[in-house]
Amino acid sequence: MTTSGPILSLVGLTRRFGEIAAVDDIDLEILDGEFFTIVGPSGSGKSTLIRILAGLERVDSGAVLLRGRAITDVPANKRPTAMVFQSLALFNHKTVGENIEFAPKMRGVDPAARRARALELMDLVRLPEAYYARPVTRCSGGERQRVALARALASDPEILFFDEPLSAIDYRLRKMLEVELKDLHRETGKTFIYITHSLEEAMVMSDRIGIMRAGRLVQIGPPLEIYQQPRSRFVAEFMGEVNVLRASEFGVAGEGWLVVRPEQLRPLAPGEAADVVFEARIVNDYLLGSRKQFHARADERMLIGEIAVAAASVPGPGEPVRLGFDLGDAVRVAE
């Protein structure tokens, strides 16, 4: 990621639908060349925001600046940007090559140059040259994703927008394409602005993540920073499974909550101490590859812990266990 300065600036951006502010007075700077991902629950406003940035949705107030120049009212086809939609929006009556060449053809690029560029982009997105004349209807889901990427890149945009492009494909293919998208971002050096409801996608690919709630960006930062230092209970819970405990219950003065990640809640050996200890009983456990997650009940409280499979074993379901964490491992957040 380059740090040469912002390529896109949002200033007081607002979009209302009746009484609802889908985008509510957002200020944001996205750096040239970064992979910026916006995540949030359904109805948080993330899709409306990306449509505004792509020129597909008007604003009620505020401005969008591209390298300092206002483009708020510039239509989508006049902006140096491209969009990859969730539906992909490919032309099913055309071949792979014809889909990729569509934008250059509309600009009057000659056929030989269009073909050369299409083949170059097919190589970049890992599509065999033999697919050039293949109808897109004969392509698999992953291949169609690659065609859509190549078509978006064919107009040589400064910014690529992605509206949940991997949400409709199976897990194994999605994981492969996450890696390929990150590789593509590095190879092209372009700015990627990505919308998803999947925290996992955001964590894998992004330079920075913006968490959206009720039309506002409530926290922005690198993935690890947001995971380790959430500013609110909402962000902490949205970023993954956590134990949320009222701070005052554990001798911590003032209002607020303690967020304890599952990996910080550990089974205690006989005689082992911790700042906070629970006498609990295992409800169930779940194998997660190299790690095992366990759920335990301490009185009315359900706790979630996680350990490496190679570590000391956890008692089985129904068995008692002492669990603990140290206050230095917890993060204190507001409501």
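The values are calculated or read from the model by the stated rules, or taken from the named source; none is laboratory data. Just so it is clear, the structure is predicted and the values come from calculations on it, not from any experiment. Don't worry about glycine lacking a Cβ; one is built from the backbone with ideal geometry, like all the others, and counts go over all protein chains shown. With ligands, DNA and RNA removed, areas are computed over all heavy atoms of the protein, side chains included. Shrake-Rupley method; radii C 1.70, N 1.55, O 1.52, S 1.80 Å.
Can you report the number of residues in the range 116-145 which are assigned to a helix (DSSP H, G or I) and open to solvent by 10 Å² or more (accessible area, probe 1.4 Å)? Total meeting the criteria: 17. Among Gly62, Gly40, which is modelled with pLDDT under 95 and touching a strand residue (DSSP E or B) at 6+ places or on another chain (Cβ under 6 Å)? Being modelled with pLDDT under 95 and touching a strand residue (DSSP E or B) at 6+ places or on another chain (Cβ under 6 Å) holds for just one of Gly62, Gly40, which is Gly40.
Of all residues in the range 12-45, those satisfying the criterion of being under 21 Å from Glu158 (Cα atoms) and either part of a helix (DSSP H, G or I) or of a type in the set (Phe, Trp, Tyr) (or both) are Phe35, Phe36. Within the range 50-86, restricting attention to residues that are part of a loop (DSSP other than H, G, I, E, B) and among the β-branched types (Val, Ile, Thr), the residue that is farthest from Ala116 (Cα to Cα) is Val59. Residue check: is Arg186 buried (at least 23 other Cβ atoms within 10 Å of the Cβ), at pLDDT 90 or above and either closer than 18 Å to Val125 by Cα or touching a Leu at 6+ places or on another chain (Cβ under 7 Å) (or both)? In short, no. Beta carbons closer than 9 Å, at least 6 apart along the sequence or on distinct chains, pair a first residue in the range 76-103 that is in contact (Cβ under 8 Å) with a residue 60 or more places away in the chain and closer than 12 Å to Pro157 by Cβ with a second that is aromatic (Phe, Trp, Tyr) and open to solvent by less than 60 Å² (accessible area, probe 1.4 Å) for Thr81/Phe161; Ala82/Phe161; Met83/Phe161; Met83/Phe162; Val84/Phe161; Val84/Phe162.
Here Ile193 fits the description: part of a strand (DSSP E or B) and not polar (S, T, N, Q).
Specify the residue that is least open to solvent (accessible area, probe 1.4 Å); the eligible residues are those in the range 214-249 that are within 27 Å of Arg301 (Cα to Cα) and of a type in the set (Lys, Arg). Among those that are within 27 Å of Arg301 (Cα to Cα) and of a type in the set (Lys, Arg), it is Arg233.
Checked against the criteria, Val277 does not count as surrounded by 11 or more Cβ atoms within 10 Å (Cβ to Cβ) and modelled with pLDDT under 90. When we screen Ala152, Ala148, Ala89 for residues that are at pLDDT below 95 and part of a loop (DSSP other than H, G, I, E, B), the only hit is Ala89. Only one entry of Asn92, Asn99 meets the criterion of being surrounded by fewer than 16 Cβ atoms within 10 Å (Cβ to Cβ) and farther than 25 Å from Leu8 by Cβ, and that entry is Asn92. Looking only at the range 38-45, decide whether some residue is at negative phi, free of Cβ contacts under 8 Å to residues at least 40 places away in the same chain and touching a Ser or Thr at 6+ places or on another chain (Cβ under 7 Å). Scanning the range 38-45, I find no residue that is at negative phi, free of Cβ contacts under 8 Å to residues at least 40 places away in the same chain and touching a Ser or Thr at 6+ places or on another chain (Cβ under 7 Å), so the answer is no. Among the residues of the range 155-183, those identified as assigned to a helix (DSSP H, G or I) and either open to solvent by less than 60 Å² (accessible area, probe 1.4 Å) or farther than 23 Å from Ala54 by Cα (or both) are Tyr171, Arg172, Leu173, Arg174, Lys175, Met176, Leu177, Glu178, Val179, Glu180, Leu181, Asp183.
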